[in-house]
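*Asks:* The structure that follows is given in the form of structure tokens.
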């Protein structure tokens, strides 16, 4: 087992939290039962690392096996790095019938054409997502396994999520993705976040949608109070219609746990009480950032409890509507980086 | 104007009805859950965010014996909304049938002017001002006990005591140095 494999294994064990170590190793399934018995998971991480290194040396495991373990760990816990969403545009005629084996072969061959030393691992997860791990090298050096890029793509959708990708390598990945998925171009979807499930659910609208109705259901009682007839809400109808409007804007039930939204303003300063700032010709540039443990839930609560008036500002409701959390606002309306979303087929 | 009138309806036997007005609609729910568990008197609770109350409920609404305005001291909007709702009460209520309840008074971010303003409001209307702890279950229970004491008197269920008499004892008074700057 060479040096880089050893270093990779040490790094990896350090990253995996102690309680996740046993289940991850079991899923990896490369240790025999005897080895697993011999590992005492109550020891310190350092002791466990040494033990595991010894076992892997014995079995002559290579970098390939260690990267399998890493991939298993990342698939279980994708929330440690920043994920960025990309969207494929302009499908060719056969884009909707691309299936797994075709995609795998095409992607590997295109990426290998573009860059000689690259290590690619593709795995299909149970929930229809295709996970790709790429370790980049260049024409002179071997692939660097310590800084891999992870890509998640749901087949037959135009959405791709990437993490840890430098801007130098982005065009190569984009080219390979575009060619293997049979689209014509790829663009940045202006959506990023730490929780992969959250940005995926937001972009693909996997939460409960509420559609505007003229005659909402006549149920006005709050569930709690319906069971106790001694407690009566006086303004229950108003509260129900506020709740309805809030759910129409943001969705009902559990919302994707988006954690931040950034608005970059390039508009002119407008305040009647402040003449000096308003008289300036050039735009007043500022960045407004909203952060929360569950941003969409807090915005919906603001609207349904009456703190903000309904219908709310379209700037905030564009987050779930357009599925993005980075906006550039100029005086002529939303900036060039915003486009209407193409409905997923 | 759709004023809420205190004596325009007949009372019920051994019944007391309380109206809790709160802008945030949070504390009123926990109070209501415990208030209805009272056994000696049958208590009905009506919850509202602001006054005036909708006209549609006028028929089914019983006679309200006590109106409690719940204010969260950390929010200016809470105070303003309660103040604005006062206009929609018939003056007859202010003879012992209105009570102010305030939460979060211990919070360091509360400006002293706001508490002084609430005190002045309660004192000018001759109403009691109660302080409550809304986060702990013990706090909620003790707040409901105090409200029940006032409610039973306001509903006329305590012999030899009327709401007006009780309000003379419980009404908020201003300390003489309220205009002086505070220690911090």
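*Asks:* Output the number of the condition that residue A:173 fails; it satisfies all remaining conditions of (1) modelled with pLDDT under 90; (2) within 18 Å of the chain's Cα centre (by Cα); (3) surrounded by 18 or more Cβ atoms within 10 Å (Cβ to Cβ).
*Replies:* Just one mismatch for residue A:173, condition (1).
*Asks:* From the residues in the range B:29-43 that are touching a residue at least 24 places away in the same chain (Cβ under 8 Å) and within 16 Å of residue B:99 (Cα to Cα), which one is nearest to the other protein chains (Cβ to nearest Cβ)?
*Replies:* Among residues in the range B:29-43 that are touching a residue at least 24 places away in the same chain (Cβ under 8 Å) and within 16 Å of residue B:99 (Cα to Cα), the one nearest to the other protein chains (Cβ to nearest Cβ) is B:35.
*Asks:* If you don't mind, another one. What are the residues in the range B:143-157 that are surrounded by fewer than 16 Cβ atoms within 10 Å (Cβ to Cβ) and either touching a strand residue (DSSP E or B) at 6+ places or on another chain (Cβ under 8 Å) or part of a loop (DSSP other than H, G, I, E, B) (or both), if any?
*Replies:* B:156
*Asks:* Which is within 11 Å of another protein chain (Cβ to nearest Cβ), surrounded by 17 or more Cβ atoms within 10 Å (Cβ to Cβ) and more than 22 Å from residue B:130 (Cα to Cα), of B:61, B:46?
*Replies:* B:61
Every residue, every condition in (1) in contact (Cβ under 8 Å) with a residue 12 or more places away in the chain; (2) under 13 Å from residue A:150 (Cβ atoms); (3) within 14 Å of the chain's Cα centre (by Cα); (4) loosely packed, with under 12 Cβ neighbours inside 10 Å, yes or no:
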site	(1), (2), (3), (4)
A:72	yes, yes, no, no
A:79	yes, yes, yes, no
A:96	yes, no, no, no
A:100	yes, no, no, no
A:103	yes, no, no, no
A:107	yes, no, no, no
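*Asks:* Being in contact with a helix residue (DSSP H, G or I) (Cβ under 7 Å, 6 or more places away or on another chain) and either within 10 Å of another protein chain (Cβ to nearest Cβ) or part of a strand (DSSP E or B) (or both) is the filter here, so list the residues in the range B:7-28 that pass it.
*Replies:* If the condition is that a residue be in contact with a helix residue (DSSP H, G or I) (Cβ under 7 Å, 6 or more places away or on another chain) and either within 10 Å of another protein chain (Cβ to nearest Cβ) or part of a strand (DSSP E or B) (or both), then B:16, B:18, B:20, B:21, B:22, B:23, B:24 are the ones that fit.
*Asks:* Give me a count of the residues in the range A:299-315 that are farther than 18 Å from residue A:208 by Cα, more than 14 Å from chain B (Cβ to nearest Cβ) and part of a helix (DSSP H, G or I).
*Replies:* 2
*Asks:* So which pairs qualify, if the first residue must be in the range A:205-224 and more than 14 Å from chain B (Cβ to nearest Cβ) and within 15 Å of residue A:247 (Cα to Cα), the second must be at pLDDT below 80 and assigned to a loop (DSSP other than H, G, I, E, B), the Cβ gap must be under 9 Å, and the two must be at least 6 apart or on different chains?
*Replies:* So the pair list comes out as A:205/A:344.
*Asks:* Restrict the check to the range B:78-101 and report whether at least one residue is farther than 24 Å from residue A:232 by Cβ, surrounded by 15 or more Cβ atoms within 10 Å (Cβ to Cβ), more than 14 Å from chain A (Cβ to nearest Cβ) and more than 14 Å from the chain's Cα centre (by Cα).
*Replies:* There is no residue in the range B:78-101 that is farther than 24 Å from residue A:232 by Cβ, surrounded by 15 or more Cβ atoms within 10 Å (Cβ to Cβ), more than 14 Å from chain A (Cβ to nearest Cβ) and more than 14 Å from the chain's Cα centre (by Cα).
*Asks:* I'd like to verify a number: residues in the range B:87-114 that are touching a strand residue (DSSP E or B) at 6+ places or on another chain (Cβ under 8 Å) and assigned to a helix (DSSP H, G or I), how many?
*Replies:* The total comes to 2.
*Asks:* Still on this structure, please answer the following. Can you go through B:136, B:163, B:155 and tell me which one is modelled with pLDDT of 90 or more, farther than 16 Å from residue B:68 by Cβ and more than 12 Å from the chain's Cα centre (by Cα)?
*Replies:* B:136
The values are calculated or read from the model by the stated rules, or taken from the named source; none is laboratory data. Quick caveat, the model's predicted, so the values are computed rather than measured. Because the Cβ atoms are built from the backbone with ideal geometry, glycine has one as well, and the counts that use them run over all protein chains shown.
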